[in-house]
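Dropping a structure here in C-alpha cells format, bear with me for questions.
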Amino acid sequence: MDKIRIHGGHELSGSIKISGSKNSALPILAATLLTREECCIRRVPDLSDTNYMVQILAHLGAHVERASGNVAVTAEKINSVAPYDVVRRMRASVCVIGPLLGRCKEATVSLPGGCVIGDRPIDLHLKGFEALGAAVRVENGDVRVFAPKLTGAIINLRGKFGPTVLGTDNVMMASVLAEGTTVIEGAAQEPEVVDLANFLIKMGAKIEGAGTRRLIIEGVKELHGAEHDIIPDRIEAGTFLVAGAIAGKGVTLKRVDPEHVQSVTNALTSCGYKIDFRADEISVSPNGATTPLEISTEPYPGFPTDMQAQMCALLSTTDGISVITENIFPQRYMHVAELKRMGANVDLEGPTAVIKGVDQLHGAPVMASDLRASAALVLAGLKAEGVTEVSRVYHIDRGYEHLDEKLRDLGAEIERVQA
Ligand code: EPZ
C-alpha cells in the first residue's frame, strides 16, 4: 500500500484544472443501464471508484469502452444481478438498483456495507422503490427488488438527516420508465443530482424541478442513447481552495462552477481569505489576519459534509476557537485523532468539534480512514513543519484524480512512496 509523504512549509502558487465530479459520474454511468443504445460520457475522472463502476457495468453485461476521460457504454443485453464480490468495494454501487429496476423490473444487489463515516442505510431508497410498486426483500446480504410493472407515485424521500443524494438519484432513475407521473418530495438539490437529471432528460426522460426539493417525473416508454459532459468536481475544488488557504500565496482553480462552491468560498471569505472569481476560475490568496469560524454541515446549498474534514484541518491552524457541527454524518470525525497526532487541539462533543487554533502543526505518520479525512491529513501536512506520511492512500485514489501530482504542480514537496 502506497503512502504519501509531504515536506511541509512550502508555499503553493499557480493554477490547476479541476477534474470531472466523482459523485456525478457514478450515478450517470449507472443511468446508462436504462437504454440499449450507446451513451458517451465525457470528463469521467480516472479514480478507483469510477473504475469500480465501469467494472460493475461490464459485469452486468454492458459493453464499455474507456479512452482517457471518455466512457462509452452500450447496455444492449444486461442481467440484473450485481454480486457481493463486485459491489463490496464501493457503497455507491447501490445506485445501479434504480436503473436495473427501471429497465429490467428487477435487481439483486449486495447490500452496501457501512463505513467509517457512519451507518449508511438505504431505507429511503427502498421506500421509494416500494412506492413505485416494487416488492423489496433483504436476504443473505442482498437486496432484491422486483415489480411486474412500475407505477408513478408521490414519494417523500426526506429522512431524519435530511434529503438523500443517492436515494434521490436511485428513485428518479427507477421512475423515468414507470407508467404515469412520480413526484419526489424532499429531493436532494445537489449539483450532481441536477447533472444526472440533465443526462436523463437528454436520454428522453421527462423531469421537472431538478435542483429543487420537488422533482416531477413523467414516465416514458423507453430512453435512447445520449452524450454528456460531467460537471466539475465541487468537492475537489473545495479541497484545493482550502489547500490555497492553508499553504498558498495565490492559487487559481480552472474549470470550476463558482455557484457550486459558494458555501465554501463564503466560509473562506469569513475566515479572512481573499477570493476572486473570473468566469470558470476561482483564486484564493491570504489577505492578512484570519478569524475563527462557526460552521454546520447542511444539505446543498449549505456547507457540504464532504468538506468538513478539510475545513477542520484549516481551522486547526486558525487563531481562536472555531466550531464545526456535523449534521449529515454525526460520526464523521475519523480525521480528528490523526490531526491531534500532528498537534491540533480539537475536542469532540457528539456531532460538534471545538477547534482551538495552534501556532504550528508538526509532521507525523498518520493514517487515512476515508476519502475526505485523507485529503484533510494531506492539507495539514502542507502546513505542518517537518514530514507527514499519510498511509492507506487508496482512500485518496478513490475520489481524487492525481491529488499529489496536482499539489506538486502548485509547489508542494509531496511524493508517493511504496509503503
Ligand atoms: C452522497 O452519499 C455522496 N456520495 C457522499 O459523498 C456525501 O457525503 C453524501 O451524499 C451527502 O452529501 C456520492 O454521491 C457517491 P445521503 P449518499 O444518502 O447519497 C442518511 C464522498 O466523500 N440516509 O445523502 O450515500 C445517511 O445516513 C461521499 O464523496 C438514511 O438515513 O448520502 C446520511 O446521514 C462520502 N437513509 C444522510 O441521510 C437512506 O436511505 C445523507 O446521506 C439514505 C441516507
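The values are calculated or read from the model by the stated rules, or taken from the named source; none is laboratory data. Please read these numbers as outputs of a predicted model, since none were measured by experiment. Ideal geometry is used to build each Cβ from the backbone, glycine not excepted, and the neighbour counts take in all protein chains shown. Please note that ligands, DNA and RNA were not included when accessible areas were found on the heavy atoms of the full protein model with its side chains. Shrake-Rupley method; radii C 1.70, N 1.55, O 1.52, S 1.80 Å.
Given points 7 Å out from each Cα along the Cα-Cβ axis, report the Tyr394 to His63 separation in nanometres with one decimal.
Modelled inter-label distance: 3.3 nm.
While we're here: When a/c reaches 1.5 or more, the comparison of a/b and b/c decides; with that in mind, is region 177-260 rounded, prolate or oblate per its Cα gyration tensor? Numbers along the way, then the final one.
Numbers: a/c = 5.02, a/b = 2.35, b/c = 2.14.
Prolate, because a/c is 1.5 or more and a/b exceeds b/c.
Here is a follow-up. What is the dipole size for the chain, taken about its Cα centre, with +1 at each Lys and Arg Cβ and -1 at each Asp and Glu Cβ, in debye to the nearest 20?
Values: 43 positive and 52 negative charges, 100 e Å.
Its charge dipole is roughly 480 debye.
Heavy atoms only, probe 1.4 Å: what % of the accessible area of the chain goes to carbon and sulfur, would you let me know?
48 percent
While we're here: For region 1-23, list residues with backbone N below 14 Å from a point placed 7 Å from the Cα of His402 toward its Cβ?
15-20
Determine the sum of side-chain charges near Tyr333: Lys and Arg each +1, Asp and Glu each -1, restricted to other residues whose C-beta is under 15 angstrom from that of Tyr333. Intermediate values should be presented prior to the final figure.
Values: positive: Arg332, Lys340, Arg341, Arg372; negative: Asp119, Asp306, Glu326, Glu338, Asp347, Glu349, Asp370.
Combined, the nearby Lys, Arg, Asp and Glu give -3.
With runs of 4+ DSSP H residues as the only contributors, calculate the mean residue ellipticity of the chain at 222 nm using -39,500 (n - 2.57) per run, divided by the residue total and rounded to the nearest 500. Please list the in-between numbers first.
Numbers: 14 runs with 132 residues, N = 419.
For the chain, the value works out to -9000 deg cm²/dmol.
Could you please report the charge total around Leu407, scoring K, R as +1 and D, E as -1 over all other residues with beta-carbon less than 13 angstrom from its beta-carbon?
-3
A further question on this structure: Between region 270-315 and region 353-401, what is the C-alpha centre distance in whole Å?
Region 270-315 and region 353-401 have Cα centres separated by 17 Å.
Counting other C-beta atoms within 10 Å, and keeping those with at most 13, which DSSP coil trypsin sites (Lys or Arg not before Pro) do you find in region 121-199? Intermediate values should be presented prior to the final figure.
On the way: sites: Lys127, Arg137, Arg144, Lys149, Arg158, Lys160; in loops: Lys149, Arg158, Lys160.
In loop regions of region 121-199 (DSSP not H, G, I, E or B), the sparsely surrounded trypsin sites (Lys or Arg not before Pro) are Lys149, Lys160.
When DSSP assigns beta bridges and you keep just the ones with both residues in the chain, what percent turn out antiparallel, to the nearest 5? Don't skip to the end; give the middle numbers.
Working: 60 of 82 bridges.
Expressed as a percentage, antiparallel bridges in the chain total about 75.
Separate question: Do any of Lys206/Lys254; Lys105/Lys202; Lys254/Lys356; Lys160/Lys221; Lys149/Lys206; Lys206/Lys406 go past 29 Å between their Cα atoms, and which?
Numbers: Lys206/Lys254 33 Å; Lys105/Lys202 22 Å; Lys254/Lys356 33 Å; Lys160/Lys221 34 Å; Lys149/Lys206 19 Å; Lys206/Lys406 39 Å.
Going by Cα-Cα distance, Lys206/Lys254; Lys254/Lys356; Lys160/Lys221; Lys206/Lys406 fall outside the 29 Å limit.
Which GluC sites (Glu not before Pro) does region 195-291 hold that lie in a coil by DSSP with at most 14 other beta carbons within 10 Å?
Glu222
Let me make sure I get this right: for the chain, a, b and c are the square roots of the gyration tensor eigenvalues over alpha carbons, sorted descending. Under 1.5 in a/c it's rounded, otherwise prolate if a/b > b/c, else oblate. Which is it? Please report the intermediate quantities before stating the final value.
Working: a/c = 1.88, a/b = 1.80, b/c = 1.04.
Verdict is prolate for the chain.
Follow-up question, since we're still on this one. In a shell of Cβ-Cβ distance under 11 Å around Glu236, excluding Glu236 itself, what net charge do Lys and Arg (+1) and Asp and Glu (-1) give? Spell out each step's value before the answer.
Values: positive: Lys17, Lys22, Arg234, Arg255, Arg372, Lys406; negative: Asp233, Asp306, Glu401.
Around Glu236, the surrounding residues sum to +3.
Let a ≥ b ≥ c be the square roots of the eigenvalues of the Cα gyration tensor of region 264-402; is it rounded (a/c under 1.5), or, if not, prolate (a/b larger than b/c) or oblate?
Values: a/c = 1.21, a/b = 1.19, b/c = 1.01.
Rounded, because the longest to shortest axis ratio a/c is under 1.5.
Kindly report the accessible area of region 25-229 per residue (heavy atoms of protein chains, probe 1.4 Å, no ligands, DNA or RNA), in Å². Before the final figure, lay out each step's value.
Details: 8000 Å² over 205 residues.
Value returned for region 25-229: 39 Å² of accessible area per residue.
Can you work out the PRE-style zone for Ala135? Point 7 Å along Cα to Cβ, and I want the residues of region 151-184 with backbone N under 16 Å.
151
Of Ser270, Ser391, which has the most accessible area and how do the rest follow, probe 1.4 Å? Walk me through the numbers before you get to the answer.
Numbers: Ser270 65, Ser391 20 Å².
The ranking, largest first, comes out as Ser270, Ser391.
For the charge dipole of region 320-418, defined by +1 on Lys and Arg C-beta atoms and -1 on Asp and Glu C-beta atoms about the Cα centroid, which residue among Gly386, Ala337, Gln418 has the Cα displaced farthest towards the positive pole?
Ala337
Starting from 0 in steps of 10 Å, tell me what percent of the Cα-Cα pairs of region 25-229 lands in each bin.
Per 10 Å bin, starting at 0, the Cα pair percentages come out as 9, 40, 40, 11, 0.
Also, I was wondering about something else. Select from Ile217, Gly152, Ile207 the residue farthest towards the positive end of the dipole of region 25-229; place +1 on Cβ of Lys and Arg, -1 on Cβ of Asp and Glu, and compute about the Cα centre.
Gly152
Just to be sure I understand: with springs between alpha-carbon atoms less than 10 Å apart, which residue in Arg91, Arg278, Arg36 has the highest mean-square fluctuation in the Gaussian network model of the chain?
Judging by the Gaussian network model, the answer is Arg278.
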